[in-house]
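Only the coordinates and a few stated rules stand behind these numbers; no lab work does. Predicted, not measured: the structure shown is a model, and the values here were computed from it. Note that each Cβ is placed from the backbone with ideal geometry, even for glycine, and that neighbours are counted across all protein chains shown.
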Amino acid sequence: MVDLHMELVIRLLLLVLVVLLVCQGYVTVEEIHNSVGDVIRIDGIRDEIFKDYNNLYKIESIESGNDSQINVSSASTIFAEYPFIGTKDIVGVNTNGLTNVSAAVLSDVTAYLVSESIGITSITYDNNSGIASVTSTNSHGLLVGNNIKIGGLPSDVLNGDFTVESVLSVKNFTLNVGSGSTVVNPTGGGTIYIKGIAAQADSIDFNDESSSARLVPTYAGITSSLSAGLTDPTLNTLTVQCVGHGMGCW
């Protein structure tokens, strides 16, 4: 019995060896996702002077060979808030970080990927109604009630934090900017920032708890888009565009 058992073990090992030798696999890397254009959120800087650094940032570039540093641009201008003095330009910043902030203040800082940045093709603002109509360069994925930040537009009226008023299509939506006396010419070229884990202007309801604007999706660097907006409540078939690069459809 022992001899038979050993013979079976040897046969199995030989079979595994043959499979390993014959069934070799090859991986072809077509592209490396470096997250350029993605948005990160930084939270937890517990210093009143430098609290503006708790912000959203778009990754602009990553230096080759440097695995611990990225180059970013902030969603809004960062200032220092000094007691009894007020707002001043940030000082004490170099390639080593915030030289005026102690390690204890930075001990609770977190940073995480939020989403892709969304470019703006055009934005038209009606100062009488206070509504701005936005056309994005790519699918925005927003819901009514989502709280977003816009930056990089020529007019400060349209830069800031806003709530999505309505969704017209996968690339069109409106914002409640608020009425005012300032007339803003149609423009474009700014960036829409998804805020990630943040308060949303929507209520919890049993009927839409699985699709509410209060839900915050987790971004993993791979996204795709539906071929059309979900406007028909009886629709039971969804078509998703393939992400390409040999990874299949998600």
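What's the extension gain from residue 43 to residue 85 if we count 0.36 nm per residue and subtract their Cα-Cα distance?
Roughly 12.7 nm would be gained on extension.
Return the distance in nm (one decimal) between the two label points of a simple spin-label model at residue 31 and residue 207, each offset 7 Å from Cα along Cα→Cβ.
Once both label points are built, they end up 4.1 nm from each other.
Calculate the FRET efficiency for residue 74 and residue 110 from the Cβ-Cβ distance with a Förster distance of 25 Å, rounded to the nearest 0.05.
Approximately 0.90, to the nearest 0.05.
Points 7 angstrom from Cα along the Cβ direction at residue 224 and residue 127: gap in nanometres?
If labels sit at residue 224 and residue 127, their model points lie 4.6 nm apart.
How high is the FRET efficiency between residue 176 and residue 66 when r is their beta carbon distance and R₀ equals 51 Å, given to the nearest 0.05?
It comes to 0.75.
Got a sec to turn the phi values of the stretch 108-114 into Karplus ³J(HN,Hα) couplings, 6.51 cos²θ - 1.76 cosθ + 1.60 with θ = phi - 60°, whole Hz, x for Gly and Pro?
Listing the rounded values in order: 9, 6, 10, 9, 8, 5, 9 Hz.
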